1. Under the 0.36 nm per residue contour assumption, what length would be gained going from the current alpha-carbon distance of Asp659 and Trp512 to full extension?
2. Give me the distance in nm between label points sitting 7 Å out from Cα along the Cα-to-Cβ direction at Arg213 and Glu505, one decimal.
3. Quick check on my link table: of Lys40/Lys238; Lys41/Lys70; Lys40/Lys375; Lys322/Lys403, which ones sit more than 21 Å apart, alpha carbon to alpha carbon?
4. What size of dipole, in debye to the nearest 20, comes out for region 36-135 about its Cα centre when the only charges are +1 on Lys and Arg C-beta atoms and -1 on Asp and Glu C-beta atoms?
5. How large is the dipole of the chain about the Cα centre if only Lys and Arg carry +1 and Asp and Glu carry -1, each at its Cβ, rounded to the nearest 20 debye?
6. At 0.36 nm per residue, and after removing the present C-alpha to C-alpha distance, how many nm does the segment from Lys41 to Thr97 gain when stretched out fully?
7. Using amide H atoms built in the peptide plane, which far-off residues or other-chain residues are under 5 Å from Leu647 H to H?
8. Can you give the helix-only mean residue ellipticity at 222 nm for the chain, where every DSSP H stretch with n ≥ 4 adds -39500 (n - 2.57) and the sum goes over all residues, rounded to the nearest 500 deg cm²/dmol?
Amino acid sequence: MARKTYAARRSQLISTFGVGSLFPAENNSFMITSIDQWDKKHLKPVSEPRLARSLGVSQLLLPPAGTRGKIPVVRFPQLLICPNCSRLGKVAQFQATHEDPKCGLCKSLTPLTPSRFVIACEDGHIDDFPYRYWVHGYSPNDDAEHKLSLVSEGRTSSLADMVVRCSCGKSRTMADAFNSIALKEMKCQGNRPWLGWGYRERECGKPPKTVQRGASNVWFPIVRSAISIPPYSEFLAKVVTANASQLSKPQALEPTSTWVLEGIVESFDGRFSVEELRAEVKRQFHGGNETELSEEQLREQEFMALMNGRRDSPDTDFVAEKVAVPESHAHWIKATRKVTRLREVRALHGFSRLHPRSEDNPDATKSPLFPDDNKQNWLPAIETLGEGLFIALDRHQVEEWAKTDFAAGRERTLRHNVKRAAEQRGQDPVSVNIAETLIHTLSHIIIDQLSLDAGYPASSIRERLYVGQDQVGVLLYTASSDSAGSLGGIAAQAGPGRLGAALDEGLFRTSWCSADPVCIESRGSGTDARNLAACHCCVLVPETSCELFNSNLDRGTLFGVHGQIGLGFRDWAKLNPLQSLADVSAPAVGEVDDGVPESVRQSSWLTVFTESGPSLRELVSELVEAEVEPGDWGSDIGPDDQWQIDLSWPSARVAVLEDRDEKRDDWLAEEGWTIYHTADFSPGDLADKLADKAY
């Protein structure tokens with residue numbers, strides 16, 4: 001009989017049905033095997049060398065999709081039940097076949113169903129529920145054959161109605177099976193069936209716990225993700241990654257291997273040179289000390305790429321356009337970016353059982369995806385495309401606020417709650433950073449507002465927090481394998497007009513809560529009391545959106561609390577606004593920081609100057625001297641807001657553009673706009689023309 005195959009989406013093989021998880025299929029239950037048993041010839045490479053390097057592997061590969069390529073599985077649990085005669089046993093005991101197990105004992109040929117119960121331990125081991133041990137309390141040493149059955153008495157749906165009976169006459173209900181000490185006398189056998197039935201850790205010995213086969217705590221994925229940023233998001237980097245099997249070898253850079261590089265160049269019609277290809281190969285695979293990247297380093301690189309911005313260009317998966325900060329929020333928001341294109345790669349590098357590995361539980365045992373005696377140099381990963389917006393606060397300003405008595409008091413309360421919870425579990429307390437609490441709370445407020453304004457469900461919007469030595473920011477994005485990741489609704493909200501209105505409404509709605517005063521006066525709520533003023537009525541979001549499992553939240557950090565109104569960061573910043581270049585923007589990599597003229601520093605053009613490139617800075621300096629009032633900066637225009645104008649005065653229909661776009665420029669001309677390109681005039685001459693036209 002031909003073996004049956006079952007379908008699963010590619011993304012599920014990372015997030016839901018990865019290695020070591022249980023895959024339900026019709027009346028069956030299977031466990032996904034280790035990646036050393038997968039057929040690599042059907043797996044395609046994913047280009048993200050930064051993420052691969054941080055995980056210590058040379059390749060990331062897409063799981064198979066559709067009918068091409070199959071992932072092997074093993075039947076688990078091995079114990080099956082006949083719904084007709086209620087017998088418990090393995091396939092051979094039922095005189096059944098492995099491909100389509102049916103009961104051969106009661107002659108009904110009823111399809112067998114897998115056992116509802118399994119046992120697992122904190123070290124990731126898993127096994128069949130020990131029904132014989134449960135009934136007898138020991139392994140029977142007599143010669144009688146003990147035949148087990150699992151019977152539902154049908155009075156209620158509780159576990160007390162599930163009775164395990166033995167042919168010897170003994171029986172016991174499942175009522176206490178889920179008690180934490182129910183199996184304390186039994187030692188875990190260290191079974192790891194996803195690696196193969198011969199792989200056991202016999203020295204485990206921890207007491208196992210009973211779980212239901214389909215419960216969520218049977219398998220928690222351990223996933224690391226990265227946003228593709230230049231230069232890794234470019235076409236040439238993808239070509240090198242796709243040919244990693246050849247180019248990752250040291251011989252690829254030897255003079256005798258030039259013909260290999262030349263062949264790749266020719267196959268792409270000379271879109272890049274041999275020397276460019278050689279340099280990219282060296283950077284990706286032979287970069288000396290660049291062998292590992294931590295999670296913090298990954299995010300630091302992404303933060304800098306977002307702050308520096310990136311204009312749209314062919315063959316790139318990362319576009320972050322600089323847009324003006326809404327004027328009403330310029331005193332506390334440092335920068336905003338319109339991310340019209342991004343690519344996220346997520347790699348599975350382990351899993352845990354019973355408890356997820358998180359900031360609250362960093363010591364949860366990580367189970368391997370392959371055996372120690374057959375190590376693999378790759379990991380399964382998926383890539384998704386999306387769009388979003390980025391908001392950054394000024395680290396120096398946040399640190400100054402964190403020194404206030406109000407902020408320090410909120411942080412002390414959170415530290416106390418975390419320490420007390422850690423002591424109860426016998427763990428070291430996790431770190432608490434009031435800056436992270438602040439940006440995380442703001443992130444949830446914006447997610448909730450975007451779900452109203454951008455047309456996305458909140459569960460499809462994700463956050464990526466950046467909190468470090470020089471970072472306080474959040475990227476809100478949708479990256480999905482379906483159409484929800486490419487509609488452009490979030491990026492469209494990044495313009496100063498729309499974002500300002502969204503922030504105003506979102507902050508107003510969450511400045512009070514229907515659960516107040518209980519919510520705002522809370523001294524600890526949520527898991528381990530990791531939240532203060534936060535509940536499901538105000539800032540909690542679907543956990544698919546939150547990086548920190550809805551913890552480390554506090555509305556008080558933004559708005560203050562009763563008796564201390566105005567001490568939250570938003571209101572405190574009004575009295576201590578961003579005023580200097582250091583407070584507003586760091587110069588982009590590769591640009592020259594030529595200082596801010598005092599006349600600009602004292603003008604309303606400061607934000608435009610510090611967030612612009614050299615050509616616009618020169619023009620802004622002249623506009624200040626010509627006493628031209630600021631117009632709109634980085635605003636969207638067009639029938640579908642598909643274009644961006646560097647500087648504009650809509651009332652006078654005057655636009656200043658750094659680059660040329662024939663379709664955009666023709667549309668503006670047809671609409672009666674006067675267009676000036678910075679390349680056609682000196683800054684002084686253009687400032688004089690604008691002084692006449694802009695009013």
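The values are calculated or read from the model by the stated rules, or taken from the named source; none is laboratory data. Everything numeric here is computed off the predicted structure, so don't read it as measured data. Using ideal geometry, Cβ is built from the backbone for each residue, glycine included, and neighbour counts are taken over all protein chains shown. Heads up: the accessible areas ignore ligands, DNA and RNA and are worked out on the full protein's heavy atoms, side chains in. Shrake-Rupley method; radii C 1.70, N 1.55, O 1.52, S 1.80 Å.
1. Extra length from Asp659 to Trp512 when fully extended: 48.4 nm.
2. 4.8 nm
3. Lys322/Lys403
4. Computed charge dipole of region 36-135: roughly 340 debye.
5. Dipole magnitude for the chain comes out near 4980 debye.
6. Here the segment from Lys41 to Thr97 would lengthen by 17.1 nm.
7. When sequence neighbours closer than 5 places are left aside, the close amide H contacts are Gly634, Val656.
8. About -7500 deg cm²/dmol.
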